[in-house]
Amino acid sequence: EVQLVESGGGLVQAGGSLRLSCTASGISFRDYAIGWFRQAPGKEREGVSGISVGDGNIYYSESVKGRFTISSDNAKNTVYLQMNNLKSEDTAVYYCAAAGYISAEGFPNAESLGIIDYWGKGTLVTVSS
């Protein structure tokens, strides 16, 4: 069974940092773009960041660019999202997602195109002000 397991969410004050982890089993990272979507209360789910190891591409949404850094550890089948300078508007449930045979540049559109293959169960990030 393919599984994506997120960890690292929690409560943090504005300006603080968290690191999210997504550990995958049953897939090869080189065949997937892997990253995070998030859904804030009353908002639509949106793409945050993604990485495609096979071509080395990385995607960040404009709202997190310069504050978040995505990376992968292929030996551990894990993708990390280092989130610095967190803001209250970053509060959301963050979902790890994997889309097969696309570059990370296509990651933000993957859900609307119906090509997300696997979802994690989500981890809650709450940023207090």
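The values are calculated or read from the model by the stated rules, or taken from the named source; none is laboratory data. Everything quoted here is computed from the prediction, not taken from an experiment. Methodologically, a virtual Cβ is constructed for each residue, glycine included, from the backbone with ideal geometry; neighbour enumeration extends over all protein chains shown. In case anyone asks, the SASA skips ligands and DNA or RNA and just uses the protein heavy atoms, side chains included. Shrake-Rupley method; radii C 1.70, N 1.55, O 1.52, S 1.80 Å.
Could you grab the pairs with beta carbons closer than 6 Å, sequence gap of 6+ or different chains, first residue in region 15-32 and among the hydrophobic types (A, V, I, L, M, F, W, C), second one open to solvent by 50 Å² or more (accessible area, probe 1.4 Å)?
Pairs found: A24/N77; F29/N74.
Does region 47-64 hold any residues that are in a strand (DSSP E or B) and either free of Cβ contacts under 8 Å to residues at least 24 places away in the same chain or under 23 Å from V93 (Cβ atoms) (or both), and which are they? Show your work before the answer.
First, the residues of region 47-64 that are in a strand (DSSP E or B): 47-52, 57-60.
Scanning region 47-64 gives G47, V48, S49, G50, I51, I58, Y59, Y60.
For G100, work out the one condition from (1) over 21 Å from E44 (Cβ atoms); (2) crowded, with 16+ Cβ neighbours inside 10 Å; (3) in contact with a helix residue (DSSP H, G or I) (Cβ under 8 Å, 6 or more places away or on another chain) it doesn't fulfil.
Looking at each condition in turn, G100 falls short on (2).
Mind listing just one residue for me: the one in region 103-129 that is acidic (D, E) and farther than 17 Å from T23 by Cα and, of those, surrounded by the most Cβ atoms within 10 Å (Cβ to Cβ)?
For region 103-129, the residue satisfying everything is E111.
Only residues that are in contact with a strand residue (DSSP E or B) (Cβ under 6 Å, 6 or more places away or on another chain), in a strand (DSSP E or B) and either surrounded by fewer than 19 Cβ atoms within 10 Å (Cβ to Cβ) or at pLDDT below 95 (or both): list them for region 73-92, please.
Within region 73-92, T78, Y80, Q82 meet the criteria.
Using the structure shown, decide if S52 is open to solvent by less than 80 Å² (accessible area, probe 1.4 Å), modelled with pLDDT under 95 and among the polar types (S, T, N, Q).
So S52 passes the test.
Collect the residues in region 22-44 that are in a strand (DSSP E or B) and either out of contact with any helix residue (DSSP H, G or I) (no Cβ under 9 Å at 6 or more places or on another chain) or open to solvent by 50 Å² or more (accessible area, probe 1.4 Å) (or both), keeping them in residue-number order.
Hits for region 22-44 are C22, T23, A24, S25, Y32, W36, Q39.
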